[in-house]
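Please read the structure below before turning to the comments.
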Amino acid sequence: MDLQDFDSDSLYFDEPLAPEVAARLAAAAEQYAEGTAEQPLLEAQALAPDDLTVLVGLYRFYYYQHRYEDALQVARRVLEVVGPRLLLPADWCTINADHLTVAVERGIALLRFYLLALKGAGYLSLRLGRFEQGKAMLAKVVELDTENRLGARLLLDVLAEHSAEILIFPTAANAEIRP
């Protein structure tokens, strides 16, 4: 399945926003430079907890603030919100090609978004030192994205190379201390 082969007419951002939600997102955009964007984003999320535009805004805010744990929680929330829309299993570990066949019928753009959220969660897990979790998430994306359209394979390759470097060139932080 080619995850680049989709019609952009049905993107998740096309969902209409309630005016009060849109106003809070606009306020967050205006306040970003001052570092006060979180409050309007949280207010938008309280008004529309499952809105993907709100979740993307919150994710980006946390990511660019280097608040990776918070960004990871938002990525997980995206998986929880989008998975049922695509009729995917609640546990991302159990998703297989058959599930993707059903999900594509519900919307390939939304499926790409789901897989990008899983890739993002994997990357953030790596940044937080949760290597096994991150590797498993990225491996799942690679398994499902056979054409590597989403680029998760590169992250796994970098991880494998980094792991080899740690074994070959131990640093003071991971070197064994000997008497």
Cβ-based charge dipole, the range 55-165, positive-most Cα from Thr146, Leu116, Cys93: Leu116
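Let me check something: with ligands and nucleic acids excluded, how do His162, His99, His66 order by accessible area (1.4 Å probe), largest to smallest?
On the way: His162 85, His99 50, His66 125 Å².
Solvent-accessible surface, decreasing: His66, His162, His99.
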Cα-Cα pairs of the range 44-139 separated by more than 20 Å (percent): 35 percent
Per-residue ³J(HN,Hα) for the range 108-115, Karplus 6.51 cos²θ - 1.76 cosθ + 1.60, θ = phi - 60°, Hz, x for Gly and Pro: 5, 5, 5, 5, 4, 4, 4, 5
Residues of the range 42-83 with amide N under 13 Å of a point placed 7 Å along Cα→Cβ from Gln31: 42-46
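Kindly provide the trypsin sites (Lys or Arg not before Pro) of the range 91-139 that DSSP labels as loop, not H, G, I, E or B, and whose Cβ sees at most 16 other Cβ atoms within 10 Å. Intermediate results must be reported in sequence, preceding the final value.
On the way: sites: Arg106, Arg112, Lys119, Arg127, Arg130, Lys135; in loops: Arg130.
Of the trypsin sites (Lys or Arg not before Pro), the ones in loops of the range 91-139 whose Cβ has at most 16 other Cβ atoms within 10 Å are Arg130.
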Amide H partners (placed H, <5 Å) of Ala37, local residues excluded: none
Distance between modelled label sites at Glu69 and Gln133, nm, 7 Å Cα→Cβ extension: 1.1 nm
Gap separating the Cα centres of the range 29-103 and the range 136-158, nearest whole Å: 20 Å
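The values are calculated or read from the model by the stated rules, or taken from the named source; none is laboratory data. Values in this document were obtained by computation on a predicted structure and should not be read as measured data. Using ideal geometry, Cβ is built from the backbone for each residue, glycine included, and neighbour counts are taken over all protein chains shown. Protein only, heavy atoms only, side chains kept; ligands, DNA and RNA dropped before computing areas. Shrake-Rupley method; radii C 1.70, N 1.55, O 1.52, S 1.80 Å.
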